[in-house]
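Scroll down for the structure; my scribbles are underneath it.
The values are calculated or read from the model by the stated rules, or taken from the named source; none is laboratory data. All of these numbers come straight from a predicted model, not from anything done at the bench. Here Cβ is always computed from backbone atoms with ideal geometry, including for glycine, and neighbour counts include all displayed protein chains.
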Amino acid sequence: MIKIITDTAADIPADILNEKNITAVPLGVRFTQNGTDLDVESVQDFWKTLSSSSFLPKTSAPSPGSFAESFLAAQSEGYEGVVCITLASEFSGTYDAALAGAKEVNGFPIEVIDSKSVTLGEGLLVLFAVELAENNLPFKEIVSSVYTKRDKIKVIALLDTLEYLKMGGRIGPLSSMIGTLLSVKPILGITFGKLIPLGKQRTRSKGLDFLINSLNTTAELEKVAVVHSMAPDIDNIAESVKNIVKTDDVLVSYIGPIIGTYSGPGTIGFCIMEK
């Protein structure tokens, strides 16, 4: 059987990681104030701390050694190979670290795949790979299928503000719009690893309508996952998504610290896998 490995930026809930035996190599997050690390034990703690803080935490990619350790563990456990799916290389050095870690392991098939996505966009691709592995597909077929499916993943999100992207120096292609977008509700997309401005709305309710309409206009939905950062309206939005996709099997998860540091509180996003 093939082992599937990812990183914590995929925001796959812990119970699913355990159930599916997925290894998630941790990225680093440190909240430091006056030289002292703040105690942030859970994703809920993270959001409470970020919401009341005037500064951002420091995030960092895993070391190559962390990935090498997980690859060697899979080898010692008798797996036939590893497919490792990482956070988009455009946003982090995680992919490069995984490639470097793979070079430290000899005589064991390892394919490191750049998800070109974030949060549960990456996570859906990981869960797709797990399903293939559970069906005992051969290594090369899993790799080929994941690369094909990667082109069918997109993320669309409503942010309360671009202020966190600005503070974190990640504003990138949105820099020309920063003056106007800070006063409205920006809607951003991530496709093929690129951050794309999709629109702006004066109110949150109109922004959420834009998200819902994006699902209604997507021709062939295979799966939709919903992510959020302590959004007060998440239950209503999740119910709307279930009605559109006509199933209660919709994964809803918190945006974790890695992406959440830059998206900020109140974000709601749809991670979409097309057929």
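Structure above, values below:
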| read-out | value |
| --- | --- |
| Subset tally (residues that are in contact with a helix residue (DSSP H, G or I) (Cβ under 9 Å, 6 or more places away or on another chain) and either crowded, with 18+ Cβ neighbours inside 10 Å or not in a strand (DSSP E or B) (or both)) for the stretch 207-223 | 6 |
| Pairs with Cβ under 7 Å, 6+ apart, first in the stretch 129-142 and of a type in the set (Val, Ile, Thr), second at pLDDT 95 or above | Val130/Ile4; Val130/Lys20; Val130/Ile22; Ile142/Ile2; Ile142/Val83; Ile142/Ala129; Ile142/Leu132; Ile142/Ala133 |
| Subset of the stretch 105-128 (residues that are hydrophobic (A, V, I, L, M, F, W, C) and in a helix (DSSP H, G or I)) | Leu120, Leu124, Leu125, Val126, Leu127, Phe128 |
| Criterion: of a type in the set (S, T, N, Q) and more than 16 Å from the chain's Cα centre (by Cα) - qualifying residue of Thr8, Thr49 | Thr49 |
| Among the candidates Val241, Val226, Val250, residue that is part of a strand (DSSP E or B), closer than 28 Å to Phe46 by Cα and at pLDDT 90 or above | Val226 |
| Identity of the residue in the stretch 57-104, in a strand (DSSP E or B) and free of Cβ contacts under 8 Å to residues at least 60 places away in the same chain, that ends up nearest to Phe139 (Cα to Cα) | Ser60 |
